[in-house]
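> Dropping the structure in here first, questions after.
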Amino acid sequence: MPIRILIADDHAVVRSGLRSLLRADPDLEVVGEAENGAEALRLAETLHPDIVLLDITMPPESGIEIAKRLKDAHPELRVLFLTIHEDEGLLHEALSAGASGYVIKRAEESEILQAIHAASRGDIYVHPAMTRALLHQPVTTERRRGARAVDLTPRELDVLRLLAKGNTNRQTADLLGISVRTVENHRANLQDKLGLSSRVELVSYAEEHDLL
């Protein structure tokens, strides 16, 4: 079955461009469009989309508030933000609201499609430019003292580098010629060995140890 998508953006030209892009992918189906938050909430209730592509600055309510209400009403729904704002604070707010991704509108069309497919698999996609912004989130000194890079296996280092560069689990698996489950296992081992608890901290560790 195709991934059902609701587009929510107050600019008609943006909705039109997204509609054309998504309809070119046979695995995606645009089931509706909303020009404001209230309409997005109503259509999500009646159309039952799998993913809502949501703009952050969409009056009268912010997309962040709409995302919270969507997730409260439909916990299984994936919300993917598509925005012009390359703002660290908004990124953290979006993820705290339960978003499955944060994509910048200047992104390549292929990146938007990657983000949608990643969200549909349960992954979180953050545009690479914003992944770097997440490094400003503090990591405790104790965690920074985690295992040295030399304590990791060659395959764990490969997985760490690819994940830290913004690749999803699926993309990492494809690049390494292994299964997604194997990537997930390596990622769990990495976090256990390094004393880390999130992708953000893995990226930070990779940066600090010159692994990128």
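No value in this document is a laboratory result; all are computed from the given coordinates. Since this is a predicted model, take the numbers as computed values, not measurements. Neighbour counts run over all protein chains shown; Cβ positions are idealised from the backbone, glycine included.
> Among His209, His11, His127, which comes first, then next, by fewest other beta-carbon atoms within 10 Å?
Lowest count first: His11, His209, His127.
> If you find the alpha carbon centre of the range 35-57 and of the range 64-79, how far apart are they in angstrom?
Here the two parts' Cα centres lie 9 Å apart.
> How many nm is it between the label spots at Ala188 and Ser96, if each spot is 7 Å from the Cα in line with the beta carbon?
Roughly 3.0 nm, to one decimal.
> Excluding residues fewer than 8 places away in the same chain, name every one of the aspartates and glutamates whose C-alpha is closer than 12 Å to that of Lys68.
Glu93
> Once amide H atoms are placed 1.01 Å from N in the peptide plane, what residues at a sequence separation of 5 or more from Leu82, or on another chain, have their amide H within under 5 Å of its amide H?
Residues meeting the amide H criterion: Leu54, Asp55, Ile56, Val103.
> Among the lysines, which have Cα under 20 Å from the Cα of Lys105 when same-chain residues fewer than 8 positions away are ignored?
By straight Cα distance, Lys105 reaches Lys165.
> Ok, one more. Under 12 Å Cα-Cα from Lys193, which aspartates and glutamates qualify once same-chain neighbours fewer than 8 residues away are excluded?
List returned: Asp151, Glu156.
> So, one more: According to a simple spin-label model (label point 7 Å from Cα along Cα-to-Cβ), what is the distance in nm between Glu108 and Ala129?
It is 1.4 nm.
> While we're looking at this one, here's another question. What FRET efficiency comes out for the pair Ser20/Arg161, r = Cβ-Cβ distance, R0 = 35 Å, nearest 0.05?
The computed FRET efficiency comes out at 0.50.
> Based on Cα positions only, what radius of gyration and what Dmax would you give for the range 1-63, in angstroms?
11.1, 34
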